[in-house]
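Okay, structure first, notes after.
The values are calculated or read from the model by the stated rules, or taken from the named source; none is laboratory data. All values reported here derive from a predicted model rather than from experimental measurement. Glycine also receives a Cβ, built like all others from the backbone with ideal geometry; neighbour counts cover every protein chain displayed. Only protein heavy atoms, including side chains, enter the accessible area calculation; ligands, DNA and RNA are left aside. Shrake-Rupley method; radii C 1.70, N 1.55, O 1.52, S 1.80 Å.
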Amino acid sequence: MSAQAQMRAMLDQLMGTSRDGDTTRQRIKFSDDRVCKSHLLNCCPHDVLSGTRMDLGECLKVHDLALRADYEIASKEQDFFFELDAMDHLQSFIADCDRRTEVAKKRLAETQEEISAEVAAKAERVHELNEEIGKLLAKVEQLGAEGNVEESQKVMDEVEKARAKKREAEEVYRNSMPASSFQQQKLRVCEVCSAYLGLHDNDRRLADHFGGKLHLGFIEIREKLEELKRVVAEKQEKRNQERLKRREEREREEREKLRRSRSHSKNPKRSRSREHRRHRSRSMSRERKRRTRSKSREKRHRHRSRSSSRSRSRSHQRSRHSSRDRSRERSKRRSSKERVRDQDLASRDRDRKDKKRSYESANGRSEDRRSSEEREAGEI
């Protein structure tokens, strides 16, 4: 990995997905099912055993240091209970390793010579001392790399004591077996990482195994599994206590309600008096509300009546003035019409009189003519 990639990974681990305003990386959240919860808790076997003889390759789920940083920030305010998912993952992985260890043990039992239980116990003692020496040597190397010289010297003294015990155990084991059988390499399966260990391995080989990444990685995974079991048990216990507490509170409330109902049934007079007081207080409050409503209604009515009387008086005055104007207009129109009608009647009378006179004059002349004619005829 280049220095730039290492720096980017370090920034992701410290600041999360929101650094540099990179919104494309926020399409997936740490709570998504596609994200490896063991990776968020820094215990995924794919990461721990990377680069070892048992390298598992790339995990099927998403691994992102930025998402781990987001989870660490969010977990301070809310419990997501991802420990349960990680515990199930590690339990499944460790169960597979333990099955492989048992298979390897059966294979060794089939291929190696049968030995008595006493000799097997002596050989097991040699293996235990080899394991102790290997762990101590790995610790010495770690302390030397850290610069802790005094502590590493103390551990080396323990290594020398373990070596002396090993020589004694090997002598006891050699004396209990024939020389031909003793020279054969007796193998043993490591209970931690399922690797094969030899009975006659030297200190360098033991130090490489017990201080190697594979063995330490399995130790880390197993320790993390035990820690997760403890954390999950504590959280489950806490949840159970909270549920029990809520249940007790509900039962207490129910008992209190039952006790109150029983007390009311035992003291009907007291309950009736309480009911009467409550009813009276409610009726008084209703009466007060009714009075306040009626007062407000009367105020509104008076205000409305005043405003309506004012408006009626104004409208009455306006209507009276308008009626006066209308009557004047009607009288004017009536007088003009009457004058026109009188004039028409007078003209008609004059015409009728003139016609009568002309008619009478015409009749008079005709009668005079007729009388004159009759006189003339009489005379003839």
(message) I want to check the label-to-label distance for Ala121 and Phe81. Put each point 7 Å from Cα in the C-beta direction and report it in nm to one decimal.
(response) 4.9 nm
(message) Sorting check: for 191-202, 63-74, which peptide has the highest mean count of neighbouring beta carbons within 10 Å, and how do the rest follow?
(response) 63-74, 191-202
(message) Strictly over 21 Å apart at the Cα level, which of Lys106/Lys166; Lys161/Lys186; Lys106/Lys224; Lys139/Lys213 would you flag in this model?
(response) Lys106/Lys166; Lys161/Lys186; Lys106/Lys224
(message) What does the extension gain come out to for Arg350 and Arg205, with contour length at 0.36 nm per residue minus their alpha carbon separation?
(response) 35.8 nm
(message) For a protection proxy built on the mean count of beta-carbon atoms within 10 angstrom, sort 120-130, 76-86 highest first, please.
(response) 120-130, 76-86
(request) Using a Förster distance of 41 angstrom, determine the FRET efficiency expected from the C-beta separation of Asp157 and Asp55, and round it to 0.05. (result) 0.65
(request) Mind giving me the nanometre distance, one decimal, between the label points for Glu253 and Glu141, set 7 Å out from Cα along Cα→Cβ? (result) 6.4 nm
(request) Could you please state how large a percent of the accessible area of the stretch 43-105 is carbon and sulfur, counting protein chains only and using a 1.4 Å probe? (result) 50 percent
(request) Place the peptides 144-152, 38-46 in order of packing, highest mean first, counting for every residue the other Cβ atoms within 10 Å and averaging per peptide. (result) 38-46, 144-152
(message) Taking a ≥ b ≥ c as the square roots of the Cα gyration tensor eigenvalues, with a/c under 1.5 meaning rounded and otherwise prolate when a/b beats b/c, else oblate, which class fits the stretch 73-146?
(response) oblate
